[in-house]
Each structure stands twice: as C-alpha cells, then as structure tokens.
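Quick notes on the structure that follows.
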Amino acid sequence: MTVRVQQEDFDLGAELLALRQGNPKIGAIASFLGLVRDINEGDSVAGMRLEHYPGMTEKALERIVEQASTRWDIFDALVIHRVGDLKPTDQIVLVAVTGAHRGEAFAACEFIMDYLKTQAPFWKREQTPSGTRWVDARESDEKAAERWGGE
C-alpha cells in the first residue's frame, strides 16, 4: 500500500503498470483520477492551491487505505495526491486498487476516495474572478462517506 503527497505531476499509465507488475493474481484494477475543473459553484476557476500538513496528511491517508484493506479483499492500493499550485486540467489525485475481482476493487477504491474527500487534511483555495476562496467539503461528499458507516 503506497501513499504519496507531492507537488510533481504523475504518469497515470506508469503508475498503474507499476501497481500491477509481477502479480499474476490481479484480475482487476479500479482507479479514480481527479482533475482540476475550470468552474466550481457557478464561478470560473483560474487555479487552485492545495495545502497540507506534511506527515499528518500522509498518516491520515494511510489510515484510510488501511481501513479499506480490512473491509475488502484487495491486494494493493495506491493514493497519490498533489499539493501546491494547480490549474484547470491538471491531475490532482489518483486512487487505484488491485484485487482478484472487480467488485472488491471498485468498492475499496470508492471508499478511499469518499473518505479522502471528507477526512484527509487538505485545504483548497480557489482563484476566482472575485478573488480567492477556501473550498469546503460538499454535502454530497459527506453523504457519500456516511454510507460506509462510522469510522
């Protein structure tokens, strides 16, 4: 299980290849790739700055991945989350999960992403035409995380 918080971009194909390489038991990889949008809450977005607490953020992500690995029969998981200044179309997050079958991999991937959106200590500040603003978790993200039960 790998968690990385980094400023640098990542190569989606290379990351997925490395995750599955050498394990013939893998029958499925479920992944989510999040991108920076150019609009949010009806306003255009020129860019975003993501901030975090080094060390604390990685530990929180590791706990989320560990919870997923105890709930579902998965082989491996990868979470890469970027920080720093990002612009629309930039890759922001990758969650990928390997398993023998798609159902376990899909569920674990969705769980990790839902909890990442609501519990991981990241702070997002968008640049809009009217200035900068902090972005809170959406109510829909909170509801998505709630369906997994309390953690």
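What the table below lists for this structure:
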{"read-out": "Helical mean residue ellipticity (222 nm; -39500 (n - 2.57) per DSSP H run of 4+; nearest 500) of the chain", "value": "-10500 deg cm²/dmol"}
{"read-out": "The chain - Rg over Rh from alpha carbon coordinates, Kirkwood radius", "value": "0.98"}
{"read-out": "Cα-projected label distance for Asn23 with Tyr53, points at 7 Å along beta-carbon direction, nm", "value": "3.1 nm"}
{"read-out": "Packing-based order for 76-88, 27-39, using average beta carbon neighbours within 10 Å, highest first", "value": "76-88, 27-39"}
{"read-out": "Cα→Cβ-extended label distance, 7 Å offset, between Leu12 and Trp134, nm", "value": "3.2 nm"}
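Only the coordinates and a few stated rules stand behind these numbers; no lab work does. Note that the structure is a prediction, hence the values are computed from the model and not measured. For neighbour counting, all protein chains shown are included, and Cβ atoms are generated from backbone atoms with ideal geometry for every residue, glycine included.
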